[in-house]
Amino acid sequence: MVLKGMKWTLKTAMEREVTRLFPEYMMPLPDAERGIHELDATICIGCGSCARICPNSCIEMVPYKYGNPLKNKKMVFPQIDFGRCMFCGLCVDECPVSCLKMGKKVVLAGWNRKDIIYSPDRIAVKKHTDKEVAELEAEAKRIAAEKKKAAAAAAKEKAAKAKAEGSGAEGEAKKPAAKKAAAEKTSEGGA
Ligand code: SF4
Ligand code: SF4
């Protein structure tokens, strides 16, 4: 029995390797490989087109703080459920600002279902720092305040114009009545 076992060991030891050690050895991937998505959070506008086009409803738009509030007003970014994703790439094709790409990482593992739902932070390959976010937020607030001020000034100007036009029209309307009264007065005096 032992000899039989040894014979099998010797036989297989001489054979060509048909399996690879993983993850120690990773086979080279083709250029067209569609792996885990990569997000550039600094240019994502939070439009949600990727989520709408996804045939498997894997993408949910969720809040994330390291994007650009000047471009992404609601500060929502894609979160991807890789338990449903079929790596079709439609979300990437649909992105209007090309901030979502199919990456080259293909290893996906977890102990439970939630482990393979990737938040924006897990797919972000580019994001702003806390300092940059604070500066961008201040800039966004400044622009919003300026717009509000300009809108208030425009409304005030419009109201003043309307008032001026209204009083002008009122004056014009009063003119014939005044003329008539003057004419009547003159005729009375003549009689
Ligand atoms: S690759 Fe396809 S299935 Fe996966 S998130 Fe994008 S659109 Fe959905
Ligand atoms: S990744 Fe692209 S398509 Fe998706 S929300 Fe951001 S800008 Fe829109």
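Nothing in this text is a laboratory measurement; each read-out follows from the coordinates by a stated rule. Please read these numbers as outputs of a predicted model, since none were measured by experiment. Cβ placement follows ideal geometry from the backbone for every residue including glycine, while neighbour counts extend to all protein chains displayed.
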- Out of ALA13, ALA145, ALA32, any idea which swings most in a Gaussian network model of the chain, alpha carbons joined below 10 Å? ALA13
- Sorted largest first, the C-alpha extents of region 2-128 along its principal axes in whole angstrom are 74, 30, 29
- Got a sec? How would SER49, SER57 order by Cβ neighbour count within 10 Å, fewest to most? SER57, SER49
- Message: Need one number for region 69-162: average projected area of the convex hull over its C-alpha atoms, nm².
- Response: 9.5 nm²
- Note on the structure: For the pair VAL62 and LEU10, the simple spin-label estimate (label points 7 Å beyond Cα toward Cβ) gives in nm 5.8 nm
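What does the charge add up to near ALA151, with Lys and Arg as +1, Asp and Glu as -1, over the other residues with Cβ less than 13 Å from its Cβ?
+3
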- Task: Report, largest value first, the span of the C-alpha coordinates of region 12-56 along each principal axis, in whole Å.
- Result: 58, 25, 17
- Item | Local net charge near LEU108, Cβ-Cβ under 15 Å (Lys/Arg +1, Asp/Glu -1) | +3
- Query: Hey, what number do you get for the chain at 222 nm if only DSSP H runs of n ≥ 4 count, each worth -39500 (n - 2.57), divided across all residues, to the nearest 500?
  - Reply: -15500 deg cm²/dmol
- Cut-off under 5 Å, modelled amide H: who pairs with HIS37 long-range: GLY103
- Task: Would you work out the relative contact order for the chain, in percent, from Cα pairs under 8 angstrom that are 6 or more residues apart?
- Result: 23 percent
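May I ask for the longest run of the chain untouched by GluC sites (Glu not before Pro) that are loop-located per DSSP and have at most 14 neighbouring C-beta atoms (other than their own) within 10 Å?
Result for the longest clean stretch: 34-191.
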